[in-house]
1. Please go through (1) at pLDDT 70 or above; (2) of a type in the set (Gly, Ala, Ser); (3) crowded, with 16+ Cβ neighbours inside 10 Å for B:GLY275 and return the number of the only condition it doesn't satisfy.
2. Is region B:172-179 home to any residue that is of a type in the set (Val, Ile, Thr), in a strand (DSSP E or B) and either within 14 Å of chain A (Cβ to nearest Cβ) or touching a residue at least 12 places away in the same chain (Cβ under 8 Å) (or both)?
3. Does B:ARG515 meet the test of being away from chain A (no Cβ under 14 Å) and closer than 30 Å to B:VAL228 by Cα?
4. Would you be able to tell me the number of residues in region B:493-534 that are of a type in the set (Lys, Arg) and not in a strand (DSSP E or B)?
5. Collect the residues in region B:8-26 that are outside any loop (DSSP other than H, G, I, E, B) and either at the interface with chain A (Cβ under 8 Å from one of its Cβ atoms) or in contact with a helix residue (DSSP H, G or I) (Cβ under 9 Å, 6 or more places away or on another chain) (or both), keeping them in residue-number order.
6. Quick one: which of B:MET399, B:MET406 is touching a residue at least 40 places away in the same chain (Cβ under 8 Å), part of a loop (DSSP other than H, G, I, E, B) and more than 7 Å from chain A (Cβ to nearest Cβ)?
7. Given the criteria in contact with a strand residue (DSSP E or B) (Cβ under 6 Å, 6 or more places away or on another chain), over 18 Å from B:LYS470 (Cα atoms) and either modelled with pLDDT of 85 or more or within 11 Å of another protein chain (Cβ to nearest Cβ) (or both), does B:GLY367 qualify?
Amino acid sequence: MTNPQDIRSTGDAAQLRASTDPEANPVLGAAVGDTNTSTPGGDPENISGLELIESLSRGELLRRRFLRSTSAWFGMIIFALLVLMAVFGPMIYQYGPFERDLRNALTGPSMYHWLGVNENGLDIFARTLQGLRISLVIGIGTAFLTSFLALAVGIVAGYVGNKGKWGAIADGGLVNLINLFLVIPSLLLLMLFSPVLQQATWLWMIPLLAGFAWMLTARVLRAMTQQLVRTEYVEAARFMGVNPLITMTRHIIPNIASWIIIDTTLGVSAAILGETGLSFIGFGIQYPQVSLGTVLQDYNISAPYTWIPPAAVLAALVISINLMGEALRDALDPTSGSSRL
Amino acid sequence: MSEPILSVRDLSVSFPSEYGTVHAVSNLSYEVHKGEALAIVGESGSGKSVSSLAVMGLLPRNATVSGEIELLGRKLFTMDDGQLSTLRGNTISMVFQDPLSALTPVFQVGKQIAEVVRIHHPEVSVSRADRRAIELLEAVGIPEPARRATQYPHEYSGGMRQRAMIAMAIANEPEMIIADEPTTALDVTIQAQVMDLLKSAQEMLGAATVLITHDMGVVAGFADRVLVMKDSQMVETGGVDEIFYRPREEYTRSLLAAVPRVDLAESEGSKSIAGSALRHVADPAAGSTVSTPREQRPTVLEVEDLHRIYPITKGALVRRKIGEQRAVDGISFDIREGECLALVGESGCGKTTTLMEIMQLRAPQQGAIRVNGTEVQDLTRKERAALRSDVTIVFQDPMAALDPRMPIADILKEPMRVQGYTKERMDERVEWLLKTVGLLPEHAARFPTEFSGGQRQRVGVARALACDPKLIVLDEPTSALDVTVQAGVLAMLADLKVRLGVSFLFVSHDLSVVRHISDRIAVMRKGKIVELGDTEDVFSDPQHEYSRELLSAVPIPDPEIARQRRRDVIDRSAFKGVGGAAAGAGTAS
């Protein structure tokens, strides 16, 4: 144990405690004395130490570390508030997103229009809440679809890469596909396809955005899979004759799951920003739907109440998701600071 | 007696963790005098590394430290990091366990050594420091030091990297050297050379030395005094002869007994339980061998004239073959039922390649592999899958060999699922397997991280046993384990061999490990088997020179014998070169 970081990792801490603290654990204290006097063929290590370690499962450990960070709390509270607002707000608020009140056009916050009315007579608060709904659905949907695409391509490419000549060719093909998607001008294609597909349903935004966002994640997952394929437990599975598909789902995916979770979380905010950006320039969500981007599109620079509320909600949404993602990354990474008390 | 160079008084180190406070070191006190070598011995987790990191002031920030450390009369805890940095590498230097991660991969080795000189002696010019680095490399016995100094760490072998680390450690003629398990990552033959080098360097400098190790065998030839640690506390301390010949504590005795001895026949040796476990279980094995002569038992594995040649290619676009690496160069051996063949050799001699060729169960490049009499290249896909249950493997590193995300029960069921066992049968077998390898059936629901290294290796063996194999291939199953744990695992393996009649192909770089367990030994070197014979014959009368070399490299936990075997290996004249005078003057001032 040369590296001081070893001591910090949870497994070793448990080991250390089990073997170093006899006073605190009378059972163990008695056991460590005779560890080496066990029967022939028996166990020179102590098994009784394990009962103590068991008390903290991995999930419990993760939960503790996650909740220890203040940014996780901030993120969760803000995100929960925004989701509650998006779900219940439009139900109780008296105006709809497309109800025109032209008499009050371009007036500031009032008792009836909580956040004012824009120059087309549309209620800002109602539109912001409706936009928040759409943006949330698109953000979360896109993030999941992106992760799924990246997972499929990345794991297959990484796994077949060292499986002989044909595997190398398949891997090369997938890598070139990734590179192709990276070099084509995605913004132009999005602007081209988005209005056409929107005529069917606004949900087309999800596959469209995901189709241009999976490449970098796929590359990372490919590299991680290549690393895992060389580990001894995957090798062992191969020597047992385990089917490659089962090896992927049983050994590889669980071991990169933590990274996928973090990436998906952070992907939500990236997708929301992408969607609002497109909507803002008029190529995203179209009438009769409204997203935070389209609300911002109706800004009037001389009337701050027309653009500050949707912008603030958008910023709060993205920041809260990022705060949670960062806290999650710290909690899952044993070498990060959050494991220190 | 002279003033102590280093004195540690009442040192306690603890870390906060999810499981409450972890006491890594408690109330440790020791002194090291000039020219003295102290060995701190203990198992992993006993706090020996943490105590030396405390001396270097390299503990992580969250550690709570109390007590006093005095180096040359200066209290270390009152100094800030800047002051400590002037000491590190100059007055006190460290040799780390893993030489690969201790050297920066992106700098030339010579530059790294020169840097150590220049940091503490800025007046030395760059070219002079470079020359000094070459002299130091020469002193530690690196061939062609001028060329080697411009190479990067990955171009060095493990032993050479550790030599370079020692060169770095002695560069500024420190008063104090701390060596943290300097040979654990090395082969036995290299280990002997590195330990000799370290001892010579220490004697030349007259430096106080602290050697941290878990292996009593290494200590015998090196230390003047020994401090045994267990569970963060000191168990016993005393002169090396005293500890080895008249140990007071039971724990010291068991540590000593756990070291496999090549120099003693089976009837002799120590009286401890761990040691006798080894011999005890090996006895019935010998008995069963006699019952049926070897020739009449069926052959489990037969390897005939096996070759594995890797082409060395050059060029990015057009691959030209410029040479070939003969990893396995025509080896033949066979293993009968219930027999253990040990394949012994240094790293890089082709042991693992041979194993992989066998485990692939595919046609080799050249030669033939027969399992149970059938040629593996004639197998259909289905037959090959069925044969996978007959030939199983146990890997070297118990950490990497078990999927950290799977509970033990699922790990054990994996091979059985492939063979299509029913659910009830699997549950039954999991319980039986865990009992067989000395674990409790309740452990089935736990994850690998909850187990110690030795227990994990037991799980690895249980997985290999899952489908009643004929042959288990063991790839250095104990080299990643502590000596005391190793004894337990070896005893278990010997026991399994007798009870279940499984054959083993046991690969190891350490002859002493295989002495009690193997029936026959094949010594391998550079892809060829140089000697193959019964264990007793190889040990009592090794035929090949290389076998003798391997045998003599095994550390013997007996200070008398170890001292006789030592050689002086450091090149003193090179060390005292031109640059040496300057550096020496620097330290004196």
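1. That leaves (1) as the condition not met.
2. Keep residues of region B:172-179 that are of a type in the set (Val, Ile, Thr), which gives B:177-178.
With the extra rule that they be in a strand (DSSP E or B), the set shrinks to B:177-178.
When the remaining residues are screened for being either within 14 Å of chain A (Cβ to nearest Cβ) or touching a residue at least 12 places away in the same chain (Cβ under 8 Å) (or both), the result is B:177-178.
The answer is yes; a qualifying residue exists.
3. Details: away from chain A (no Cβ under 14 Å): yes; closer than 30 Å to B:VAL228 by Cα: yes.
Answer is yes for this residue.
4. Step one: filter region B:493-534 for residues of a type in the set (Lys, Arg), giving B:497, B:499, B:515, B:520, B:525-526, B:528.
Restricting the remaining residues to those that are not in a strand (DSSP E or B) gives B:497, B:499, B:515, B:526.
Result for region B:493-534: 4.
5. Start the filter on region B:8-26 by keeping residues that are outside any loop (DSSP other than H, G, I, E, B), which leaves B:8-15, B:22-26.
Scanning region B:8-26 gives B:VAL8, B:LEU11, B:VAL13, B:PHE15, B:VAL22, B:HIS23, B:ALA24, B:VAL25, B:SER26.
6. Working: B:MET399 fails: part of a loop (DSSP other than H, G, I, E, B).
Selected residue: B:MET406, the only one of B:MET399, B:MET406 that is touching a residue at least 40 places away in the same chain (Cβ under 8 Å), part of a loop (DSSP other than H, G, I, E, B) and more than 7 Å from chain A (Cβ to nearest Cβ).
7. Values: in contact with a strand residue (DSSP E or B) (Cβ under 6 Å, 6 or more places away or on another chain): yes; over 18 Å from B:LYS470 (Cα atoms): yes; either modelled with pLDDT of 85 or more or within 11 Å of another protein chain (Cβ to nearest Cβ) (or both): yes.
Yes.
So that you can scan it fast, the table gives a plain yes or no per residue for (1) of a type outside the set (Asp, Glu); (2) touching a helix residue (DSSP H, G or I) at 6+ places or on another chain (Cβ under 7 Å); (3) surrounded by fewer than 18 Cβ atoms within 10 Å (Cβ to Cβ):
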| position | (1), (2), (3) |
| --- | --- |
| B:ASP378 | no, no, yes |
| B:PHE395 | yes, yes, no |
| B:ALA401 | yes, yes, no |
| B:GLU431 | no, yes, yes |
| B:GLY438 | yes, yes, no |
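The values are calculated or read from the model by the stated rules, or taken from the named source; none is laboratory data. Keep in mind the model is a prediction, meaning the values are calculated, not measured. A quick note on method: Cβ atoms are made from the backbone with ideal geometry, for glycine too, and the neighbour counts reach across all protein chains shown.
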